[in-house]
Amino acid sequence: MGLAGEIFIEQVEEKKNLETNNASVFILFPSHSFHLFPPSVSQRNSILSVFFLIYGKGMFGNEARRVVAWMNGCEGDPKLPIGSIETRTLTVVPSPSKAMERLSVAIRELKCSPPPLTSGILRLQVPIEEQIEAIEWLHAQHDNLPRCFFSGRRSRANGNGSNLLMDIGNENGDTSFTNNLVGVAGVGSAVFFQQLRPFSYHDWRSIKRFLSSECPLIRAYGAIRFDATANISPEWKAFASFYFMVPQVEFDELEGSSMLAITIAWDNALSWTWDEAIHSLETTMQQIASVVVKLKKEASGESILSKTHVPNKTHWDLAVKKALQEINTSSSELVKVVLARSSRILTATNIDPIAWLASLQVEGEDAYQFCLQPPNGPAFVGNTPERLFHRKWLSISSEALAATRARGESRALDLQIKHDLLSSPKDHLEFTVVRENIQNKLESVCDRVVVEPKKTVRKLPRIQHLYAQLTGNLRREDDEFEILSSLHPTPAVCGLPKEAARLFISETEMFDRGMYAGPVGWFGGGESEFAVGIRSALVEMDSGALIYAGAGIVEGSNPSSEWDELELKTSQCTKLLQPEVPRQSKVENLEIIY
C-alpha cells in the first residue's frame, strides 16, 4: 500500500476507539471494519476526505465497499426541541420502482430549497397501490446496513392484532388512503441512538425529541440488553447497551397496499448538517433495489454441521439444582429464576438472516417477528409470542406468559396436554408469579388495571403457554419510561424478586445474553410497542448462529424436564434449517379460560 494508504490506516487506528460526542463514521471492508467517533465534524470530514482521495485513486482496489456517516441522537440535549418534525405524503404510485423515481425527484427538489432550520426531521412517504411484503423488500436489499424489521403480532386468520391505523393524506389533500400497518423494514440510519451505559431517562427523552404524535410513522426501532450491568461479550459489541435507529429508507407493508418512505434528520449542534444528511441519504438510495422477488417461506435445508450448548446438559443440571437449593432455603428470598442456554450452530454455508426470519413468519403466526442489525454487527432475529407492553396515548396493555408444553399430534392429545398444563401446581405457581408481578408494576403508574382473562392457554404452532392480559391507563405519558424500566425484565425471563434473580443469573450463567430476553420494538410519538426478545437468535457474519432459550425454575422444577423445554423452544429455529416431516394433522388453536 502506498504512503497515502498508510496515512489513512494510521488515522483510522488513532481515532477508532474515541468516545462519541458527534456523528459516527463507519468504514466497511470485507475482511474488517472501522466504526469511528471523531470528536469534531472537521476531523470526521478529514478522515472521509483522505479516504475518498485513496479510494478515488483505486489504492484499495475493490476491497472498500462504502463509507457512511450517521448522527447519534443520544449526544444531543433532550431539553432542546427539534426545529421541525414533518411528514409529507406524495401521490400514490403503482409500484416500488415508481416510488423510487418519485422520491429521487423529491430529493433533488429538497436540495434546491433546503430548510432554514438548524435541526429537524422530515419524512417523505409514497403510497404504493400494490401490496408487497416488507420482509421481501428487505431481502432484496441484500447486505445494506444498518437494517431493521418489525412485524406486529397478528393472527392472519382473523386479521386482528396490534396494528397502527393510519390516515394518510397526500400532497393533493386526499385522505382516503387508510390502511393497517402490518410490517416495517428499514435500511440506513437517519439518526441512531446508542451508548455503552445503561438505557436511561435521558436517552428516552433524546429519542422522543425526534418524534411527534403528528408524525406517527417516524419511529425509532431497536432493542435493549437484558442486563445492562453485565460485561458485553464480543458477539454483542456492535449493539452496545442499547441500539435504536430511525431508518433512512423504509418500506411499510399495509393491508392491501404498501408504502416507501425516506427520512432526513439533521442537527447542527450535533455536527450533522442538512447537507450532510441529504448526502448520506443519497448514498443509501444508490444502494436500494426497487425490484422485489417473492420469497419462498420454507425451510432452507441448510445442513447443520455441529451444535454446542452453553451450558451443556451436565452443567445445566447442576445450575438447576443450585437454583432449587436456593429457592428452598428458608433464608432466601428467591421464588423463581429463569436460566437460559446459548446454542451455537455451524452450517455449511452462511445463514441468510432475512430468509430465515421469513421462514419463522410461517412458523410463528400470532407472534412478533423482528430483525435488528447495526452497521458492523451480526443480525438479531426472533419470533416472539410475548408482548412487554403496547401504549397508545395513555392506554397501555401488557401480558403474562409462562409455563410451556408441546402441542399434541392429535386433537385429543392436544386437549389432554392443555388440561395437564392448566392443572399443574408447578406451572400455576410459575404463571401466578409472573402475572401478579406485572399487575403490581402497572398499578404503580396506572389509575386502574384490569386482568382479563386471568388465566388461559395460549397456543402456538409448536408449543402452548399459560397466559393473561393486563390493561390500564397511564396517569401521564412520561410514565412510559417508568413502565419500560420497571416491567423489564419480567419474571418470565428473569425471576422474582427481580434483583435477586438477576444476581443469581449473573453468577451462574456462562454466556452473555445480550439482547436476548430484552425489550425489542419501537418508540413513536403517540404510540410505542415492545416485545420480549425471546425465541431469538444472533446470526453471525460467518457460517453460524447463536440460538437462545430459557426455562423458569420454581419449586418442583426438574432439570431434565427443563432441558426438554429448551429443546422444544429452540426447535422452531433449528427445524427451519433441517426440514422436518409435515405433521399428519393440524390442531386448532383452542382456548379454555379459568
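Note down all Cβ pairs under 8 Å where the first residue falls in segment 315-338 and is under 18 Å from Ser560 (Cβ atoms) and in contact (Cβ under 8 Å) with a residue 40 or more places away in the chain, the second is open to solvent by 50 Å² or more (accessible area, probe 1.4 Å) and among the hydroxyl-bearing types (Ser, Thr, Tyr), and they're at least six residues apart or on different chains.
Cβ pairs passing all conditions: Asp317/Ser560.
Test of understanding: among His309, His390, which residue is under 23 Å from Leu484 (Cα atoms) and either part of a helix (DSSP H, G or I) or open to solvent by 10 Å² or more (accessible area, probe 1.4 Å) (or both)? If you could, list the steps in order and put the result at the bottom.
Numbers: His309 fails: under 23 Å from Leu484 (Cα atoms).
That would be His390, the only listed residue that is under 23 Å from Leu484 (Cα atoms) and either part of a helix (DSSP H, G or I) or open to solvent by 10 Å² or more (accessible area, probe 1.4 Å) (or both).
If the requirement is being surrounded by fewer than 16 Cβ atoms within 10 Å (Cβ to Cβ), assigned to a helix (DSSP H, G or I) and within 27 Å of the chain's Cα centre (by Cα), which of these qualifies: Glu436, Glu430?
Glu436 is the lone residue from the list that is surrounded by fewer than 16 Cβ atoms within 10 Å (Cβ to Cβ), assigned to a helix (DSSP H, G or I) and within 27 Å of the chain's Cα centre (by Cα).
Name the single residue, out of those in segment 279-292 being crowded, with 19+ Cβ neighbours inside 10 Å and among the β-branched types (Val, Ile, Thr), that is modelled with the lowest pLDDT.
Val292
Please verify whether segment 196-212 includes one or more residues that are farther than 21 Å from Lys79 by Cα, open to solvent by less than 10 Å² (accessible area, probe 1.4 Å) and at pLDDT 95 or above.
no
In contact with a helix residue (DSSP H, G or I) (Cβ under 7 Å, 6 or more places away or on another chain) and modelled with pLDDT under 95: which single residue out of Gly556, Gly544 fits that description? Steps first, please.
Numbers: Gly544 fails: in contact with a helix residue (DSSP H, G or I) (Cβ under 7 Å, 6 or more places away or on another chain).
On inspection, the qualifying residue turns out to be Gly556.
Mind checking which pairs have a first residue in segment 508-523 that is more than 23 Å from Val320 (Cβ to Cβ) and modelled with pLDDT of 95 or more and a second that is surrounded by fewer than 23 Cβ atoms within 10 Å (Cβ to Cβ) and basic (Lys, Arg), Cβ under 8 Å, 6 or more apart or different chains?
Phe523/Lys208
Could you check Ser271 against (1) on the phi < 0 side of the Ramachandran plot; (2) open to solvent by 10 Å² or more (accessible area, probe 1.4 Å); (3) of a type in the set (S, T, N, Q) and say which number it fails?
(1)
Are there any pairs, at least 6 apart or on different chains, whose C-beta atoms fall under 9 Å, with the first in segment 443-472 and touching a residue at least 12 places away in the same chain (Cβ under 8 Å) and assigned to a strand (DSSP E or B) and the second surrounded by fewer than 21 Cβ atoms within 10 Å (Cβ to Cβ) and of a type in the set (Phe, Trp, Tyr), and if so, which?
From segment 443-472, the pairs are Thr456/Tyr594.
When the residues of segment 228-256 are narrowed to those that are in a loop (DSSP other than H, G, I, E, B) and at pLDDT 95 or above, which ends up nearest to Ala140 (Cα to Cα)?
Selected residue: Ala240.
Just to be sure before I move on: is Ala355 under 17 Å from Ser506 (Cα atoms) and either open to solvent by 30 Å² or more (accessible area, probe 1.4 Å) or touching a helix residue (DSSP H, G or I) at 6+ places or on another chain (Cβ under 7 Å) (or both) in the structure I sent? Give the steps one after another, and end with the answer.
Details: under 17 Å from Ser506 (Cα atoms): no; either open to solvent by 30 Å² or more (accessible area, probe 1.4 Å) or touching a helix residue (DSSP H, G or I) at 6+ places or on another chain (Cβ under 7 Å) (or both): yes.
For Ala355, the condition - under 17 Å from Ser506 (Cα atoms) and either open to solvent by 30 Å² or more (accessible area, probe 1.4 Å) or touching a helix residue (DSSP H, G or I) at 6+ places or on another chain (Cβ under 7 Å) (or both) - is not met.
For segment 487-512, which positions are of a type in the set (Ser, Thr, Tyr) and either surrounded by 17 or more Cβ atoms within 10 Å (Cβ to Cβ) or assigned to a strand (DSSP E or B) (or both)?
Thr490, Thr508
Pairs only if they're at least six apart or on different chains, beta carbon under 8 angstrom, first in segment 75-98 and over 30 Å from Leu196 (Cα atoms), second part of a loop (DSSP other than H, G, I, E, B) and of a type in the set (Val, Ile, Thr); list them, first residue then second.
These pairs meet every condition: Thr87/Ile218; Pro96/Ile132; Pro96/Val291; Pro96/Val292; Ser97/Val291.
The values are calculated or read from the model by the stated rules, or taken from the named source; none is laboratory data. Please read these numbers as outputs of a predicted model, since none were measured by experiment. Cβ: placed from backbone, ideal geometry, glycine included. Neighbour counts: every protein chain shown. Heads up: the accessible areas ignore ligands, DNA and RNA and are worked out on the full protein's heavy atoms, side chains in. Shrake-Rupley method; radii C 1.70, N 1.55, O 1.52, S 1.80 Å.
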